[in-house]
Amino acid sequence: MKKATKKDCTLYAWATGRRGSTSLSIKEPSKLSLLLSTQFPPYILSLPLLFLSFSLSPNLAITSIFLDPTASAFRRSVSRWKMDIRRRTLSSSPSAERVNTQNHVNGGCTDSSQPPLPLCLTNTVFFALFFSVAYFLLHRWREKIRTSTPLHVVTLSETAAIVTLVASAVYLLGFFGIGSRNSLDELSDDDIIVKEDSRTPGPCPTALDTCSIVSPLKSIEDVTALVPPPAPISLSDGDKEIVQEVVSGLIPSYTLESRLRDCRKAAVIRHEAVQRMTGKSLEGLPVDGFDYESILGQCCEMPIGFVQIPVGVAGPLLLDEKEYTVPMATTEGCLVASTNRGCKAIYASGGASSVLLRDGMTRAPVVRFPSAKRAGDLKFYLEDPLNFDSLAVIFNKSSRFARLQSIQCAMAGKNLYIRFRCSTGDAMGMNMVSKGVQNVLDFLQSDFPDMDVIGISGNFCSDKKAAAVNWIEGRGKSVVCEAVIKEEVIQKVLKTSVEALVELNMLKNLTGSAIAGALGGFNAHASNIVSAIYIATGQDPAQNVESSHCITMMEAVNDGKDLHISVTMPSIEVGTVGGGTQLASQSACLNLLGVKGASKESPGANSRQLAAIVAGSVLAGELSLMSAIAAGQLVKSHMKYNRSSRDITKIVS
């Protein structure tokens, strides 16, 4: 068998710890070669520098290896490599190949795939190699020029230095992406966005899975392929027959829940029936994962699935000396971030305060009489203070929380509109006030038999519509929220000035809205915040119309140094019980705010607190958006936060 040289034996003995070995078969040097090629990936390119060091000063080279700050990691790697040499023969067996193949298929990460040194330290080593070798070569060539030695005549050390220089340059150019940058120049904007979306998502760069390898994506189809599709709906033979009967009209779709006694199965069958009847796919609309029992008879009829809306949080919002983390359900980029910045400015300035002006839900039926005189008689009767107590007794029988507060009448010919206002506890109260109104109408029918009730709601309420009566008289909770923002906070956090904000508010929110003929819309974007909180906490999203009535005021105070900002919202319609508030997700958001369910100590306290939180959040949103407009950052912010990117480092930077 062919013998290896003494130098090979010495290096092998040093690597494996076999002292005194003077002979080595050719197989063992091959193991050493395999060791160096597979287990020295960051160092294989720097071996020429190692030989250079030995050629210049062996003692210095050995000392630097074992005393350098990076030597501990290097020696630990050597210890693993000495063990791997002894295992190397096992890895060539068929069973080992099967295990390695399986690990590769499963995307598993083994220890050998990890670099011996951290990435930052490896980069530092190659930077040091590059510049030190470059300095060495320049120094040598300068000496050759002085001594008239031809430059193409190189020694062994100079050859090793040149190889090391090239290897270091190749590594650094490859690491900093020179090749990938050239390929990006050939891509369109859409392709670049798709390429960025292919990055592994995570809450921060350190959360990226180092063991998963995501191949570059080339098209939108590749992106959608990564999203796991909803589990296919499996139907039994009996279910398929029911689907066919629904499609043919033998079974009405709305009777499935009562027939099957299974709300989930009813949704699944209806989901499939809708696909067959319309010929349209509902593949992206999930069915499983929702409690359909919880919405039966109160939230949604004939369900076929549910829509997912992301929920973000803004805060902490310091309001009335309490901190709140505000949940916001939205698909509009930049909204949560902007509100969060406003909360930060309010917090840094000492917080905001709120005051509740009134709390009462309204309902206004319309009744008709044969003549305007008879309609006037009922109007005078209802407005007489002597009759209020008897009417309140009749009204309050509808609920232990309903308490009649006032009655306001308006006439149009022989038609009379009666606006009842009452407290409703922690419920939003539309159903509660409607029952009380019905009780009063039944009572009045005996004294006014010629009264014809046209409708329980005559739009004088006014519900889900922009109306001056709500703007002036209020509906639900009427709240004012204010804060004084310090000058340094406006400059450092909001990046603008007090003067710019006051001027912009006057010209935009006040004058501009007046020119537009706005009704309750003297603000920047109150409805954005109201809608997001309403969806997250289970409120009626349609009531965003009147709940977003808001006037934003700004004024310079403290000799013009600080900013006083306030929002006045006369008709915030919220509740913490009933409707969508009892759903699991919405209930969790209410619990986050500390206003879940009914208040046991003081009925109505939770809903009033929720209204104050809505107003405080609107205050934060108004402050941030107006600052962005004043500083000219609106378009830039939306381009930054609305552009699709899964690389979180681009967003936080």
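Observations on the structure shown:
- Cα-Cα over 32 Å, subset of LYS435/LYS508; LYS486/LYS600; LYS464/LYS596; LYS280/LYS435; LYS464/LYS508; LYS379/LYS464: LYS435/LYS508; LYS486/LYS600; LYS280/LYS435
- For region 237-295, the spherically averaged projection of the C-alpha convex hull amounts to 4.2 nm².
- Put simply, the amide H of LYS464, placed in the peptide plane, has neighbours under 5 Å in GLU546, leaving out anything fewer than 5 places away on its chain.
- Look at the Cα gyration tensor of region 365-455: its axes a ≥ b ≥ c give a/c of at least 1.5 with a/b over b/c, and that counts as prolate.
- Under Karplus coefficients 6.51, -1.76 and 1.60, residue-wise ³J(HN,Hα) of region 445-459 in Hz, glycine/proline x: 4, 6, 8, 10, x, 8, 7, 10, 7, 7, x, 5, 10, x, 6
- Full extension of the chain between ASP447 and LEU386 yields a length gain of 20.4 nm, computed as 0.36 nm times the residue separation minus the alpha carbon distance.
- Note on SER294 and VAL635: the model spin-label points, each 7 Å out from Cα along the C-beta direction, lie 4.4 nm apart.
- Per-residue Cβ neighbour rank within 10 angstrom, fewest leading, VAL366, VAL170, VAL618: VAL170, VAL366, VAL618
- Amide hydrogen proximity for ILE551: with H placed 1.01 Å from N in the peptide plane, the residues at 5 or more positions away or on another chain lying under 5 Å are THR568.
- Note on region 365-455: dipole from Cβ charges, positive end direction compared against LEU382, SER406, ASN431; the farthest Cα belongs to ASN431.
- FRET E, pair ASP377, GLU555, Förster distance 60 Å, beta-carbon r, rounded to 0.05: 0.75
- Where labels lie 7 Å past Cα in the beta-carbon direction, separation of ARG259 and VAL166 in nm: 8.0 nm
- 3J(HN,Hα) along region 578-593: x, x, x, 5, 8, 5, 4, 5, 5, 5, 5, 5, 5, 5, 4, 7 Hz, from the Karplus curve 6.51 cos²θ - 1.76 cosθ + 1.60 with θ = phi - 60°, whole Hz, x for Gly and Pro.
- Summarising the amide proton neighbourhood of SER406: residues at separation of 5 or more, or on other chains, whose placed amide H is nearer than 5 Å comprise ARG421.
- Sites GLN308 and ALA542, calculated FRET efficiency, Cβ-Cβ separation with R0 25 Å, nearest 0.05: 0.75
Values in this text are rule-based calculations from the coordinates and carry no lab data. These numbers come from a predicted model, not from an experiment. No Cβ is skipped: glycine too gets one built from the backbone with ideal geometry, and neighbour counts run over all protein chains shown.
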